[in-house]
Amino acid sequence: MGGDLVNVAVLGSTGSIGRQTLEVVRAHPGIFKVIGLAAGRNQELLNKQIKEFNPAFVYCQETENQPTRSGTKHRFLSLDEMACLDEVDIVVVATSGKAGLAPTLAAVRAGKKVALA
């Protein structure tokens with residue numbers, strides 16, 4: 001990672017911890033790049049985050065509420081898939097309850113750095 005951007009996947013991007021994580025990314029654009037965003041049900045905020053950070057990978061808990069797809073180049077993945085991507089350097093697990101357990105374990109097995117909220 002020396003000199004390169006640190007690619008971050010934020011699981012739970014629309015919650016309090018996820019939003020704070022994105023504030024850190026926003027404050028340090030030369031250090032971090034959001035490569036994945038995952039949210040529960042707040043599609044409106046997720047769509048705003050997608051427009052701002054332009055992640056390559058996206059997840060929304062409710063499949064019928066997937067973020068707007070028209071004109072996007074985003075790939076829609078599960079939380080587990082996002083946590084294991086070769087492109088991801090750090091997985092921020094800011095989900096509530098047991099939703100973060102499987103992706104956390106998947107990220108650890110894939111050798112990713114994991115930041116737990």
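Values computed for the structure shown
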read-out: Apportionment of accessible area to carbon and sulfur, the chain, percent (1.4 Å); value: 52
read-out: Gyration tensor (alpha-carbon) shape descriptor, segment 1-40, a/c threshold 1.5; value: oblate
read-out: From phi via Karplus (6.51, -1.76, 1.60), per-residue ³J(HN,Hα) for segment 37-43 in Hz, x at Gly/Pro; value: 10, 9, 9, x, 10, 7, 5
read-out: For segment 30-36, Karplus couplings with θ = phi - 60° (6.51, -1.76, 1.60), whole Hz, Gly/Pro x; value: x, 10, 10, 9, 7, 10, x
read-out: Which of 25, 38, 92, positive extreme of dipole for the chain (C-beta unit charges); value: 25
read-out: The chain - charge dipole about Cα centre, Lys and Arg +1 at Cβ, Asp and Glu -1, debye rounded to 20; value: 120
read-out: 18 Å Cα-Cα reach of residue 48 towards lysines, excluding residues that sit fewer than 8 places from it in its own chain; value: 33, 73
read-out: Mean separation of Cα contacts under 8 Å, 6 or more apart, over the residue count of the chain: relative contact order %; value: 28
read-out: Helical contribution to [θ] at 222 nm, DSSP H n ≥ 4, -39,500 (n - 2.57), averaged over the chain, rounded to 500; value: -9500 deg cm²/dmol
read-out: Lysines with Cα under 25 Å of residue 98, excluding same-chain neighbours fewer than 8 positions away; value: 112, 113
read-out: Three-way shape call for the chain based on the alpha-carbon gyration tensor, with the a/c threshold at 1.5; value: rounded
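The values are calculated or read from the model by the stated rules, or taken from the named source; none is laboratory data. Everything numeric here is computed off the predicted structure, so don't read it as measured data. Neighbour counts are summed over all protein chains in view; Cβ atoms, including those assigned to glycine, are modelled from backbone coordinates with ideal geometry. The area values use the complete protein model at the heavy-atom level, side chains included, leaving out ligands, DNA and RNA. Shrake-Rupley method; radii C 1.70, N 1.55, O 1.52, S 1.80 Å.
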